[in-house]
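For reference, the structure is listed below as structure tokens.
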Amino acid sequence: MSNALYGNVLPNPEEADFLGIITDPVVEAIGPKGLLGNLPGSNVVVGAVTILLGVVMIFLAVRWLGKILQLIVVGRAKKLLEKSIGGNPMVAMGAGAAVTVAAQSSSVTTSVMIPFAGSGALTPRQIYPMTLGANVGTTVTTIIAAMAVTGGGGEAALTIAFVHLLFNVFGIAIIYGIPFLRPIPLRCAELLAKVAAQRKYIAIAWVLGVFIILPTAMIFAKVVFF
């Protein structure tokens, strides 16, 4: 695939950053270059406060969005949402991919779906295929970025981008395509959510362990032993 497409140069994906156009003015006004930049202390202090404020704003946004959805997603609006996203899994996957391509972030797509689940407008089973589509959509930005690379490393960059794409596509084809494997990720997620809802520290330990400690340990083991 990379051999077939290598040499086609596309625009920088940052030029199509729609969310950036909306959020950049707010970031500039509040962030390290704006209001928070006037805080006393080093850049480390300013950065830490910026991160903390960002996390707080995410929680507030999700909480308020959930309350708003409970008010507006009722009656015909709820039926339309269930029909368009919660009805056909392939439609939901396509919607997840399309939204992620526009937002250039699968995290944005997934975060938007969380209040729908929290408000009861959609069930986790209905949102499940949309998150899979988001995982495919997020690879488009990588491919565009790789096709914009010129020079000797351009083909290698495009190859890695297609590895990213095919890993997600084949993963969906195997896990979601085989009926007895399909419910396993959802059931595991529901079990973890049930436990984490009762004990918040388990959710924190899961994130730290799976996404930080375990990968770091594997990299360290590879460097030391291999």
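From the set of residues in region 169-181 that are touching a helix residue (DSSP H, G or I) at 6+ places or on another chain (Cβ under 7 Å) and surrounded by 13 or more Cβ atoms within 10 Å (Cβ to Cβ), which is nearest to Pro89 (Cα to Cα)?
Going residue by residue through region 169-181, those that are touching a helix residue (DSSP H, G or I) at 6+ places or on another chain (Cβ under 7 Å) are 169, 172, 175-176, 181.
Subset that is surrounded by 13 or more Cβ atoms within 10 Å (Cβ to Cβ): 169, 172, 175-176.
Details: Val169: 15, Ile172: 12, Ile175: 14, Tyr176: 10 Å.
The extreme case among them is Tyr176.
Take Met57 and tell me if it is at pLDDT 80 or above, more than 19 Å from Ala117 (Cα to Cα) and part of a helix (DSSP H, G or I).
Numbers: at pLDDT 80 or above: yes; more than 19 Å from Ala117 (Cα to Cα): yes; part of a helix (DSSP H, G or I): yes.
Yes; evaluated as a whole, the condition is true for this residue.
Elements of the type helices (runs of 4 or more DSSP H) sitting completely within region 182-226 and holding at least 3 residues that are touching a residue at least 24 places away in the same chain (Cβ under 8 Å): these cover 183-198. Residues that are of a type in the set (A, V, I, L, M) and over 19 Å from Gly96 (Cβ atoms) do not occur anywhere in region 167-175. Please work out if Ile22 is outside any loop (DSSP other than H, G, I, E, B), modelled with pLDDT of 80 or more, among the hydrophobic types (A, V, I, L, M, F, W, C) and open to solvent by 60 Å² or more (accessible area, probe 1.4 Å). So Ile22 does not fit the description; no. When you look at Gly152, is it open to solvent by 30 Å² or more (accessible area, probe 1.4 Å), farther than 29 Å from Asn88 by Cα, not in a helix (DSSP H, G or I) and not β-branched (Val, Ile, Thr), yes or no? Yes, satisfied. All of Ala92, Ala102, Ala97, Ala145 fail the test of being in contact (Cβ under 8 Å) with a residue 24 or more places away in the chain, in contact with a Gly (Cβ under 6 Å, 6 or more places away or on another chain) and either in a helix (DSSP H, G or I) or under 25 Å from Asn3 (Cβ atoms) (or both), apart from Ala97.
Mind checking which residues of region 182-206 are small (Gly, Ala, Ser) and either within 19 Å of the chain's Cα centre (by Cα) or open to solvent by 50 Å² or more (accessible area, probe 1.4 Å) (or both)?
Here is the first cut: in region 182-206, the ones small (Gly, Ala, Ser) are 189, 193, 196-197, 203, 205.
Residues satisfying the conditions are Ala189, Ala193, Ala197, Ala203, Ala205.
For region 26-67, name all the residues that are small (Gly, Ala, Ser) and at negative phi.
Quick first cut of region 26-67, residues small (Gly, Ala, Ser) only: 29, 31, 34, 37, 41-42, 47-48, 54, 61, 66.
Answer for region 26-67, where residues must be small (Gly, Ala, Ser) and at negative phi: Ala29, Gly31, Gly34, Gly37, Ser42, Gly47, Ala48, Gly54, Ala61, Gly66.
State whether the residues of region 66-87 include one that is surrounded by fewer than 16 Cβ atoms within 10 Å (Cβ to Cβ) and at pLDDT 75 or above. No: zero hits. Exactly one residue out of Gly177, Gly118, Gly137 is at pLDDT 85 or above, out of contact with any strand residue (DSSP E or B) (no Cβ under 9 Å at 6 or more places or on another chain) and either of a type in the set (D, E, K, R) or assigned to a helix (DSSP H, G or I) (or both), and it is Gly137.
The values are calculated or read from the model by the stated rules, or taken from the named source; none is laboratory data. What you see is a predicted model, and the numbers here were worked out from it, not measured in a lab. Reconstructed Cβ throughout: ideal geometry from the backbone, glycine too, with neighbour counts over all protein chains shown. For the accessible areas, the whole protein counts, side chains as well, though only heavy atoms, and no ligand, DNA or RNA atoms are used. Shrake-Rupley method; radii C 1.70, N 1.55, O 1.52, S 1.80 Å.
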